[in-house]
Ligand SMILES: Nc1ncnc2c1ncn2[C@@H]1O[C@H](COP(=O)(O)OP(=O)(O)OP(=O)(O)O)[C@@H](O)[C@H]1O
Ligand SMILES: [Mg+2]
């Protein structure tokens, strides 16, 4: 009995150490006063945190990543909410196949998706890299949108739409007035989940970069190859805090964990 | 087609392959209060959904006020439906639930306020306007569902077991309210219940349904006194149903010689009050006894199976386990023609 307890404690400790440890190391490295990325850090200073904001390419790639995360997720919701509605409310033909197809982007390795887009859209058709990135991120986030929104639709009784229709609403009006307000939480949760997924995405974006067009994570990879200073660590720490803040806000106000 | 407000013509309703209602023919008079009475799963809700337009018929037609509405969308039918499941909007307050339909109709704001308040008062929920539906009891939710439909003043009001969750007093109040509404506004109402006493008390006419078929349609008196078959008879309180064949009374459990001759092979039915208890040619063992105010009700185990009988409450009670003589008086028997086995 006692031995089991000790084993459990050790497992829990190791798990937490591996989950949180890297994060703590990154923060420590970011606050280093030295000029190369190293742990343990040499001294303490905020110079690298400040330096992050002075790197021009970071500003551009941050802008692109923000754009992709916001509009890619919005696009995935525009596609995903009706898809989730159809899959949960109707026994549509090949419903199972639709579910599978929608889930494909998380099953197929991202690097293959990125390579395929580059090989078959960007190179032969001449599609701009930005558009290819937008499509890739929309597709990547779509499974989360469909799944999270489906979950909240399944918790919503279908008869209230019928009640709305009998009180004079059109079919669309009933959806807008009786369904949407009740799945608002799910849609916001899907947005946040999609935003974070898209923002942190590396493999899909790896092949999709051009002159001056890079997502932030790819830009950081490129930067680290050239300059081995702690500003990447500082940027990582800043991004991690941003993600944590978003997820906390979501949990606090929406109960994100109910939907995932 | 004089005064028929709703006409169902050979209506067939199905969920995919399963047919829930077969060839239903029904005419509902303007201003009538019609009850659909039947056991669980007999197709009452299904019929209501079809009239409201939420379920497209597999065959047949539906007319409302002379117009063929078989393919008219529900929002254009001017029909109110109180759902068996209430179907309240969880994101809206009690008040906003009631005001919902008026807002869709873009009524002027003062009128929305006044009418919604009046509807809430009608069902006794005026103090609950700001709550959420989830913060109401089952009976309060049911009354809210009723108010939400009433406030629209529909020409046709469909009520799917609207009183099932209310206590006896509230139920009586709401019944009276529905009857007042019917008289004052001339609204046509269809009312689903599986409680025969409610149907008898409230309805102008009753349709008894079984397995998706309308077995008998008639006034409460007709249904109560002249049930057409064993099923209807059983439903309106003829608890003792036996078959008469070759001078023998038989049931699934046994038979008894009555010493009399009756032609045919009809079923005979007695209400518990019509069984003579304490004397007679037959005997049974008391296996159940319950006090019901004016009378006591007994269940006897007899050679004919279980027999239900009543005796005045002031008569000396029979004890469980004791033997009691009884008689099924042929003179009082209700004959159910053509149903003998
Ligand atoms: N959505 C559905 N899909 C398939 N079959 C259904 C569906 N709804 C109802 N049924 C079937 O249709 C038949 C009639 O159902 P209905 O809901 O009309 O019964 P009801 O008379 O209202 O019963 P209750 O008194 O229990 O409400 C039942 O056998 C039921 O199993
Ligand atoms: Mg029902």
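Taken together, the values in this text are just the output of simple stated rules run on the coordinates, not laboratory data. All values reported here derive from a predicted model rather than from experimental measurement. As a convention, Cβ positions derive from the backbone with ideal geometry for all residues, glycine included, and neighbour counts pool all protein chains shown.
Structure data summary
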quantity: Volume in Å³ per residue [convex hull over Cα atoms, computed for the stretch B:1-54]; calculated: 82
quantity: Partner chain coverage, peptide B:73-86 - average Cβ within 10 angstrom; calculated: 4
quantity: Protection proxy ranking, peptides A:4-11, A:65-72, A:238-245, average beta carbon neighbours within 10 Å, highest first; calculated: A:65-72, A:238-245, A:4-11
quantity: In degrees, nearest ten, helix A:95-107 long axis to first principal axis of chain A (Cα); calculated: 10
quantity: Rounded if a/c under 1.5, otherwise prolate or oblate - the stretch B:117-173, Cα gyration tensor axes; calculated: oblate
quantity: Helix-only [θ]222 nm of chain A, DSSP H runs n ≥ 4, -39500 (n - 2.57) each, per residue, nearest 500; calculated: -23500 deg cm²/dmol
quantity: Alpha carbon Rg of chain B, scaled by the compact-globule rule 2.2 N^0.38 Å; calculated: 1.19
quantity: Peptides A:186-193, A:91-98, B:62-69, B:129-136 ordered by average Cβ neighbours within 10 Å, highest first; calculated: A:186-193, B:62-69, B:129-136, A:91-98
quantity: Burial order of peptide ranges B:108-115, B:169-176, A:138-145 (average beta-carbon count within 10 Å, highest first); calculated: A:138-145, B:169-176, B:108-115
quantity: Residue-averaged beta-carbon neighbours from other chains (10 angstrom radius) around B:91-102; calculated: 3
quantity: Chain B: antiparallel DSSP beta bridges as a percent of all, rounded to 5; calculated: 75
quantity: Efficiency of FRET between residue A:44 and residue A:17 - r from beta-carbon atoms, R0 30 angstrom, step 0.05; calculated: 0.80
quantity: Largest-first principal axis extents, alpha carbons of the stretch B:104-222, Å; calculated: 47, 28, 25
quantity: Å³ per residue enclosed by the Cα convex hull of the stretch A:173-225; calculated: 107
quantity: Full-stretch length increase - residue A:66, residue A:79 - with 0.36 nm per residue and alpha-carbon distance subtracted; calculated: 2.7 nm
quantity: C-alpha long axis of helix B:94-104 to longest principal axis of chain B, angle in °; calculated: 60
quantity: In degrees, nearest ten, helix B:138-150 long axis to first principal axis of chain B (Cα); calculated: 60
quantity: R0 of 45 Å, Cβ-Cβ distance residue A:242-residue B:30: FRET efficiency to nearest 0.05; calculated: 0.10
quantity: Theoretical FRET efficiency, 1/(1+(r/R0)^6), r = Cβ-Cβ of residue B:67 and residue B:184, R0 30 Å, to 0.05; calculated: 0.75
quantity: Stokes-Einstein diffusion coefficient of the protein assembly as shown, Kirkwood radius over Cα pairs, 20 °C, 1.002 mPa s, in µm²/s; calculated: 70
quantity: Global geometry of the stretch A:130-191, whether rounded, prolate or oblate, following the gyration tensor of its Cα atoms and the 1.5 cut on a/c; calculated: prolate
quantity: Mean separation of Cα contacts under 8 Å (6+ apart) over length of the stretch A:64-199, as relative contact order %; calculated: 41
quantity: Shielding score for A:154-162, defined as the mean number of other chain Cβ atoms within 10 Å; calculated: 4
quantity: Relative contact order %, chain B, counting alpha carbon pairs below 8 Å whose residues are six or more apart; calculated: 15
quantity: Over chain A, relative contact order from alpha-carbon pairs under 8 Å, at least 6 apart, %; calculated: 30
quantity: Stokes-Einstein D in µm²/s, Kirkwood radius over Cα pairs - chain A at 20 °C with 1.002 mPa s viscosity; calculated: 102
quantity: Fraction of beta bridges assigned by DSSP in the protein assembly as shown that are antiparallel (%, nearest 5); calculated: 75
